[in-house]
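The structure under discussion is supplied below as structure tokens; questions concerning it will follow.
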Amino acid sequence: MALTERNEIVSRNVYEDGRIQIRTDTIVERDGKFLSRTIHRSWANPGDDKTKMAPEIKRIADVEHTQAKTDAYKANMKALLEI
């Protein structure tokens, strides 16, 4: 009885401000037969550390997270915190 667990990036949504929403499914199988699926959503925001991102997300972030978008995102977050 081999119990296996794997993570799959199921979807990636890129927003105008450069944020990337990531849906990762954790799939558990026993002897190749499906047991369960857990869904996790996370974000890659402009200015985030890219070294811990999955390679396919890093490639998107390298294109989307321009300096202009990073500066605008940080300014927007600062303004929201001041409210």
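The values are calculated or read from the model by the stated rules, or taken from the named source; none is laboratory data. Keep in mind that what you see is a predicted model, and the values were worked out from it rather than measured. Quick reminder, even Gly has a Cβ in these numbers, built from the backbone with ideal geometry, and neighbours come from all protein chains shown.
Can you find a residue in the stretch 44-51 that is exposed (fewer than 10 other Cβ atoms within 10 Å of the Cβ), of a type in the set (Asp, Glu) and modelled with pLDDT of 95 or more?
Yes, some residue in the stretch 44-51 is exposed (fewer than 10 other Cβ atoms within 10 Å of the Cβ), of a type in the set (Asp, Glu) and modelled with pLDDT of 95 or more.
Checking the conditions here, which among 66, 70, 24 is under 12 Å from the mean Cα position of the chain (by Cα) and surrounded by 12 or more Cβ atoms within 10 Å (Cβ to Cβ)?
Of 66, 70, 24, the one residue that is under 12 Å from the mean Cα position of the chain (by Cα) and surrounded by 12 or more Cβ atoms within 10 Å (Cβ to Cβ) is 24.
Now for a separate question. Quick check on residue 48: is it among the charged types (D, E, K, R), part of a loop (DSSP other than H, G, I, E, B) and without any contact (Cβ under 8 Å) to a residue 60 or more places away in the chain?
Spelling it out, residue 48 is indeed among the charged types (D, E, K, R), part of a loop (DSSP other than H, G, I, E, B) and without any contact (Cβ under 8 Å) to a residue 60 or more places away in the chain.
Mind checking which residues of the stretch 51-73 are in contact (Cβ under 8 Å) with a residue 12 or more places away in the chain and outside any helix (DSSP H, G or I)?
54, 65, 66
Same structure again: Looking only at residues that are exposed (fewer than 14 other Cβ atoms within 10 Å of the Cβ) and of a type in the set (A, V, I, L, M) in the stretch 27-43, which one is nearest to residue 3 (Cα to Cα)?
28
Against the condition in a helix (DSSP H, G or I) and of a type outside the set (A, V, I, L, M, F, W, C), how does residue 76 come out, does it pass?
The answer is yes for residue 76.
OK, next. Check off (1) loosely packed, with under 11 Cβ neighbours inside 10 Å; (2) at pLDDT 95 or above for residue 79 and give me the number that stays unchecked.
The number of the failed condition is (2).
Name the residue that is farthest from residue 62 (Cα to Cα), counting only residues in the stretch 1-21 that are more than 10 Å from the chain's Cα centre (by Cα) and assigned to a loop (DSSP other than H, G, I, E, B).
1
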